[in-house]
Amino acid sequence: MPVYRIRKEDFENELNKSALWAITYGDLMSYLMIFFLLLFSVSIAKTDRSKLRKYEESLIQIQKTFGGEISKEKLQKMEIQKKEENLETKLKEMQEANLNFELQSSEKRVKVILKEAVLFDSGSAELKVQAKKILKDVIDELKKLPNDIIVEGHTDNVPIRGGIYRSNFELSMARAYSVIKFMQDEGIDPKRLSGIGYGEYKPIVDNSTPEGRAKNRRIEISILKVD
């Protein structure tokens, strides 16, 4: 009966070949683990845009590491989101320094609320000198972003008597336009700007007190965030 001998080198080569599947399988499991960890991280961070952006940056870094391509649109979006965060930081500093300046932030927009007292005289849509100074500080920050901007005019429910405006509705529209015109004059692309006047029809508090009416007389500037 013949006896077959296997050389040591051949035996080791066969072992190495049979182990190749394990290496590939191990790499696949590693990639899947990273993928699911990222999904989990995003699900936790989706209510916090700054955390979400950091996870997106991590994902991009992983894609680069493994030879993936990053779209130009994705990189531009992340750059804008970073500028949005910087804008909020600057606006918060302005809020702390000015009692007539209020800042609100949500997932969809950053909103600056300015009281009538600092912007206009009663019944007027002409911006005060002080108003232009405050608006210019805001505009200087808005120039750093391409985001769309919506300006809203609001009044209280006290009827207008005399003057060039026949109603609070007209006055609110004229005030919104004054702010938009000033923004355009200061270098904001008019394609980014839109405005509307709501008159007395969107109060934020009750109009039954002088304090409430003063709070309702306002201009709201919304900076829309990128999706």
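FYI, it's all coordinate maths here, none of it is from the lab. Please read all numbers here as calculations on a predicted model, not as lab measurements. Glycine also receives a Cβ, built like all others from the backbone with ideal geometry; neighbour counts cover every protein chain displayed.
I need a count of the residues in region 159-193 that are small (Gly, Ala, Ser) and farther than 15 Å from Leu127 by Cβ.
Of the residues in that region, 4 qualify.
Every residue in region 68-117 that is of a type in the set (S, T, N, Q) and not in a strand (DSSP E or B), please.
Passing the criteria: Ser71, Gln76, Gln81, Asn86, Thr89, Gln95, Asn98, Asn100, Ser106.
Looking only at region 129-165, which residues are under 21 Å from Lys108 (Cα atoms) and of a type in the set (Lys, Arg)?
Lys143, Lys144
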